Amino acid sequence: LLQYIQPLHLLFTPLSSSSSIQSTHPTIKTMTISQELFDETILENEECFDLPPLEALRETIDQFCQQLGHSPRQQQVVNGGDLPTIDDDENSDDVMMTLQSIPGDMAHLTLTHPSTPHGQLERENRRMFRNWLSLLDDCVGVDGVVTLPSPPSPTLTSLAADTGGADSEDVTIANNTTAQMTASNDKIAEALAQLATKLQSNNHDALPYLIIFQQSSSIYTLMSFLTTIVQPTANEHTINKSESTKEEVYKLQILRQTANTLISILSSSSKENVKCTSLRGEIRDLFIVGLNRLVGLLFRLFVTTSFGDRDNGDGAVSPKNVVLDLLKLSISAVRGCEGGKVAFVQSTLLDDSFVKVAAKNLTLCNTKRGGVQVLYTILSNTTLKVGYNGFDEKSAMNMMIIEATCQLLTTLCRYDDFRTPSTAGGAGGAAAAGGVSTSSAHDHAMEFHRVGVESLLVKVADGILNDLLLVDGEDADGDVNDEEGLAKKELLAAAVLTALRVLAVNDEIIQTMVALGVLPIVTKALRLSVTTNNTNTAIDEEESSTRSNLLRKHRLAAGSVGLIRNLCGNDEIKTNLCLGSSTDHQQVSISSTPSALPHLLRAMQLYPTISPIQEHACGTLAAMALRRPSNARAIIDEGGPRLILTAMKRHEENVSVQRQGALAVRNIVSRLMRDLDGSSGDNVASGNTTVEDARSAIRDRFGELGVEDVLRNIAGRHQGSVDEAYAALRDLGYSVTLTKFSAEDLERGSNISNSNVVGRTMMFGEKHNSNFRPVYEQSTGLDNAVDEAVSNFGA
């Protein structure tokens, strides 16, 4: 009752007294305003103050803004606030407020008049949304067990289909029962589908529905729906049985729809409203408790699918399709949520009878790290046909499962939760990972390394790339040579290479990959991304017939360049990749490879607008030139400086590209300059060429490309790249100074009329306090003072 009385009291209170009301009732800011209360307030404003509908709506919005601690709508608009304006079109009967940017605690309301057609439609949509949530909630018992309507039995179905006995009572009962069950089943499936439609990230009106969904705690209902599939019992017959009952098929349908609904809720979009993104992050934090259940379900369903031929039914409800959806759900659940990643990896596969039976068919390497075990099991037991013998539906499904597995592995080994720890009540950011305040990416990469995932990934990459290299329009059989087949294989190769990249976090793992033969594989992938399918001819970006290749192959280029960048952390390996140790047609050993440098620079030229490729390429060149003058010379000879500066000019606002580009310039110049000074045994100065002439030649190579302007006015503007730009300008011999300042100094300097005054961070030892002496000096008369103190004490 207080919830209704409080806002009505504000209707008769002057605006000036609202502050006293809020101070008397401090909890008023956190109360939830229902749609019914909002509508009643509008109607009472019309009745009590004889206001027209438009003015009554405005007055109600302003009153609730005050009540919730926000400025009134009119005041925010005058002060440049972001509250939307009211649509006052005289040709329209609607009086509404467009949902662009409204206070978060009012976003679940439809800020329209309840008497207008639009307002009635919005209220009906939200009423139906709540009904769908209630329908799903009713399927979950107090013990968390989901009870679904049973599908029609074969006996009833056959009776219903028997037209000969149309007058019999049994047929009437069968028809009624079948219709009731079908209708009930359709309602559940429709409710899940409608939730997915309303809550998906590309729905511009998703914000109010997300708020309603969060307030209803229906995320726990959907977690319960993940248990609709009865866990297999621990016997060989259950694991290996080949026939699925009609009830199991129906439960697979519900499970797949539940997974798709959760994907729509948990997946964020870069184009989405900031409030929606924040809400999805909070819901992902709530879903952490369900990840252990998801890992167990994924493991059990994949085992029964792989070792029992259960894909003989409808392809739409194939268990492998459900496995693929659960993998995609796992990606959505852990992306941007560090706590979710830790929970997924550390999920425990209980040492129960099912796991013991499953162990007879596969190798269980780490049941205490359930997420690691699941991905290892999928990669080691999903067969991938290589060779151009056709491209059937089963091969396509296996490829998609391996691709999704690699994407999930990549997400688990990459830090992308940049929320502050205070977000979502302290659950956001790395601090959510069981109290750990650092990224878990390195630890997860080591967990996958310990079970030997690299060998599986290298094997898949080698097979799929060899398959792509065999493309020959005249000899290919079937439709494998079409655009769709090639695109799927290239996407799979890119996903595998990206997974290898995030795993290459230290020299031990890099050496393991090299021993497995990753160098010729990644060079092969890079060459494929910049050449045509059936020849080694470079792609001509001007030809319209090859532009589709660029659109299709850029992911392959990004994956291969990113992996090469991480592999260049080892000095010997980066020289091998830069200068090459074999030709394209002659491989001496498993670690030998032709030079990747020409293909790397060609990728920068072919994909100038794709920032990840430019960032990884600049980072690779920076790593290759570090401590290796021969590599630096090769980069200059191949035209690397021009492509580096072109990337920095094209991506002015991308700090990562600016930092890696400036670092590449600095490493190339610094290494060659030191080499000229004789710090390396390989001196380029010979004959009549002096050292100073060689220095000038290096500076001129960069100066002609406008390096000074790029480093000063582009890279130097960003806090994340200013240090690298300063180092590059310094090593090039340009006059440059680096001024450091604090926020307090900036604020103090802004209050001084002299614009030339620049604040600077005070360094230790600099004169700040006139009484501070950085060097100890004995005070005058110290001995006399000590003697006097001793004598007084003795007295």
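If packing is taken as the average number of other Cβ atoms within 10 Å across a peptide's residues, how do 269-276, 444-451, 657-664 rank, most packed first? Intermediate results must be reported in sequence, preceding the final value.
Numbers: 269-276: 13.8, 444-451: 19.5, 657-664: 28.1.
Result, highest mean Cβ count within 10 Å first: 657-664, 444-451, 269-276.
Label D709 and T737 with points 7 Å out from Cα along Cα→Cβ: what is the distance between them in nm?
2.5
Going by average Cβ neighbours within 10 Å, how do the peptides 553-559, 716-722 rank, with the highest at the top?
Values: 553-559: 25.3, 716-722: 16.7.
For the peptides 553-559, 716-722, the packing ranking is 553-559, 716-722.
Using the per-residue mean of other Cβ atoms lying within 10 Å as a proxy for protection, in what order, highest first, do the peptides 649-655, 209-215, 690-696 fall? Mind showing how you got there, number by number?
Values: 649-655: 15.9, 209-215: 19.6, 690-696: 13.6.
Ranking, from highest mean packing down: 209-215, 649-655, 690-696.
Which pairs, out of K394/K488; K488/K553; K198/K246; K341/K574; K198/K488, put more than 22 Å between their alpha-carbon atoms? It would help to have the intermediate numbers written out before the result.
On the way: K394/K488 13 Å; K488/K553 11 Å; K198/K246 30 Å; K341/K574 32 Å; K198/K488 30 Å.
Distance filter (> 22 Å) returns K198/K246; K341/K574; K198/K488.
Under the rule a/c < 1.5 gives rounded, and otherwise a/b versus b/c splits prolate from oblate, where does region 620-669 land using the Cα gyration tensor?
oblate
At a probe size of 1.4 Å, how large is the accessible area of T221, to the nearest 10 Å²?
The value for T221 is about 20 Å².
In the full protein assembly as shown, how much of D285 is accessible to a 1.4 Å probe, in Å² to the nearest 10?
20
Amide H to amide H under 5 Å from T531: which residues, 5+ apart in sequence or cross-chain, H placed 1.01 Å off N in plane?
I539
Rounded to the nearest 0.05, what FRET efficiency is calculated for R127 and T348 with R0 set to 35 Å and r the Cβ-Cβ distance? Walk me through the numbers before you get to the answer.
On the way: r = 42 Å, r/R0 = 1.21.
For R127 and T348, the calculated efficiency is 0.25.
Output ³J(HN,Hα) for region 211-217: one whole-Hz value per residue in order, computed from phi by the Karplus curve 6.51 cos²θ - 1.76 cosθ + 1.60 with θ = phi - 60°, and x for Gly and Pro.
Per-residue couplings from phi come out as 5, 4, 5, 5, 5, 7, 6 Hz.
How much accessible surface does Y220 have with a 1.4 Å probe, in Å² rounded to 10?
The accessible area of Y220 comes to roughly 100 Å².
How long is the gain from K394 to R627 if the chain were fully straight, where each residue apart is worth 0.36 nm and the alpha carbon distance is subtracted?
Values: separation 233, 0.36 × 233 = 83.88 nm, distance 4.92 nm.
Roughly 79.0 nm would be gained on extension.
Can you give the FRET efficiency to the nearest 0.05 for F418 and T690, using r as the Cβ-Cβ distance and R₀ = 35 Å? Walk me through the numbers on the way to the answer.
Numbers: r = 51 Å, r/R0 = 1.46.
Rounded to the nearest 0.05, the efficiency is 0.10.
By how many nm would the segment from S455 to S270 lengthen if fully extended, with 0.36 nm per residue of separation less the alpha-carbon distance?
Values: separation 185, 0.36 × 185 = 66.60 nm, distance 3.43 nm.
Full extension of this stretch gives 63.2 nm more.
Run the numbers for L51 and R730: contour at 0.36 nm per residue of separation, minus the present Cα-Cα distance, in nm. List each step's numbers first, then the result.
Numbers: separation 679, 0.36 × 679 = 244.44 nm, distance 7.10 nm.
Contour length minus the Cα-Cα distance gives 237.3 nm.
The values are calculated or read from the model by the stated rules, or taken from the named source; none is laboratory data. These figures come from a predicted structure and were not determined experimentally. No Cβ is skipped: glycine too gets one built from the backbone with ideal geometry, and neighbour counts run over all protein chains shown. The area values use the complete protein model at the heavy-atom level, side chains included, leaving out ligands, DNA and RNA. Shrake-Rupley method; radii C 1.70, N 1.55, O 1.52, S 1.80 Å.
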